[in-house]
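Written out below as structure tokens is the structure these notes cover.
The values are calculated or read from the model by the stated rules, or taken from the named source; none is laboratory data. In this text, all values refer to a predicted model and were calculated from it rather than measured experimentally. Counting neighbours? That spans all protein chains shown, and the Cβs are built from the backbone with ideal geometry, glycine included.
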Amino acid sequence: MEFGLTFVFFLFFGLILGSMVLWIVALVEVARIPEHQFRAANTEKMVWVLVVALTQWIGALIWWFAKRQDVLAAAGAALPPPPGWYPGPDGVPRWWDGMRWMDPPAQQAPMPPTRND
């Protein structure tokens with residue numbers, strides 16, 4: 001009788017641990033895929049982050065079977081945003097050249113006032 005109870009305990013523990021690993025892997029995967037790749041698959045990244053984060057392993061299964069293949073298949077079809085000025089995380093505009101972010105120009109020190117004597 002005790003062997004059966006121990007087996008059930010370890011089976012239950014394994015299922016819980018496995019579901020947590022699946023949830024974390026799915027959440028990291030959704031977070032790492034670029035947003036424009038989600039748009040190419042006609043979906044929104046924020047929606048999938050919320051679905052996986054809030055519904056845990058059920059959301060991970062939904063992501064895995066419902067939309068994962070579409071989003072991963074859109075990797076080649078997804079184009080990055082066009083070159084232009086975009087707001088950076090600190091609010092300073094940064095230039096995107098179509099392939100990488102360019103560093104913002106260094107702030108110049110103000111010129112000292114001149115004396116008109």
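Does the stretch 1-60 hold any residues that are among the aliphatic types (A, V, I, L, M), surrounded by 14 or more Cβ atoms within 10 Å (Cβ to Cβ) and in contact (Cβ under 8 Å) with a residue 24 or more places away in the chain, and which are they? LEU22, ALA26, LEU27, VAL30, ILE33, ALA40, ALA41, VAL52, ALA53, ALA60, listed by residue number. Only residues that are surrounded by 10 or more Cβ atoms within 10 Å (Cβ to Cβ), more than 18 Å from ALA31 (Cα to Cα) and of a type in the set (D, E, K, R) were counted in the stretch 65-96, giving 1.
Would you call GLU2 among the acidic types (Asp, Glu) and farther than 30 Å from PRO80 by Cα? For GLU2, the condition - among the acidic types (Asp, Glu) and farther than 30 Å from PRO80 by Cα - is met. Taking the criterion of being modelled with pLDDT of 70 or more, within 19 Å of the chain's Cα centre (by Cα) and not basic (Lys, Arg), the only residue of the stretch 97-117 that qualifies is TRP101.
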